[in-house]
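A quick write-up on the structure given underneath.
Values quoted throughout were computed directly from the atomic coordinates according to the rules given, and no laboratory measurement underlies them. Everything numeric here is computed off the predicted structure, so don't read it as measured data. As a convention, Cβ positions derive from the backbone with ideal geometry for all residues, glycine included, and neighbour counts pool all protein chains shown.
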Amino acid sequence: MSLRIRHRLAPFVAPLRRRVKYFSTPRAVNDYATHIPVLVGLARLREIRHVLEFGCGHYSTLTFLNASAFPQLERLHSIENDNAWAETIRDATDDGRWTLQLVNGEISESVADLDLESFDLILIDDSKTSTQRAATIRAVAAKQPQRPLIAIHDFEIDEYRAAASAFKHRHRFRAYNPETGVLSNSALNMRALNRSLKQNARALEPNDIKAWSHVIL
């Protein structure tokens with residue numbers, strides 16, 4: 001192919017290469033758990049005692065309450081608007097550090113009444129539609145929290161990344177698909193954690209908390 005033709009095709013080839021690179025990571029069999037290694041890693045990077053999660057679940061609530069994953073956890077506050085699902089998670093745990101807040105209507109509407117600065121880590125993994133979760137992300141971003149790290153599951157979705165664009169610092173972990181995003185309005189250095197995830201993702205299942213707790217330093 002001549003240099004002139006290559007030059008003309010460059011605007012079309014570059015996006016295609018990016019897409020090929022993205023799709024090289026197949027969707028995980030257990031696609032509900034791909035944020036676990038990132039959460040475990042964050043607990044190694046920072047002292048995390050107080051956690052807020054929008055949307056409770058087996059792979060988030062129980063991970064936060066797992067001493068191997070979060071050895072310093074003192075308080076977990078979960079916000080959920082699906083009563084039946086909340087009861088399912090309530091039946092799966094009995095831990096005095098956990099409080100469950102049921103809300104009527106959209107979860108995003110609960111953000112205004114929360115003191116986000118009292119938390120070290122906030123996980124956004126709520127709702128049944130991308131529109132609803134994006135609304136939660138925007139509501140959190142609008143309060144401009146300075147202290148907490150913000151983790152978002154399914155961060156490969158354009159709508160979520162657009163909603164998160166107001167945060168000063170954003171990192172997209174691609175070791176697993178679905179992806180996980182970590183956001184902050186303060187300094188954010190995720191290079192070592194990203195490297196550790198890439199090195200171990202092929203050998204470890206995302207929900208193997210014990211193994212991830214050992215390999216992430």
How far apart, in nanometres, would the label points at residue 47 and residue 82 be if each is projected 7 angstrom from Cα along the Cα-to-Cβ direction? 3.6
Across the Cα atoms of the range 107-148, what radius of gyration and what greatest pairwise Cα-Cα distance (Dmax) are found, in Å? 10.0, 28
Per-residue Cβ contact counts at 10 Å, fewest first, order 52, 204 as 204, 52
Suppose every Lys and Arg Cβ carries +1 and every Asp and Glu Cβ carries -1, with no other charges. What dipole size does the range 29-215 come out with about its Cα centre, to the nearest 20 debye? 1060
If one computes the Cα centroid of the range 142-172 and of the range 37-60, what distance in Å separates the two points? 15
Give me the log10 of I(q) over I(0) for the chain at q = 0.11, 0.13, 0.14, 0.18 Å⁻¹, as the Debye formula computes it from C-alpha points; what are the numbers? -0.53, -0.73, -0.84, -1.37
Share of pairwise Cα separations in the range 100-170, more than 14 Å, in percent: 56
Given DSSP loops and a limit of at most 16 other Cβ atoms within 10 Å, what is the longest stretch of the chain that contains no such trypsin sites (Lys or Arg not before Pro)? 50-96
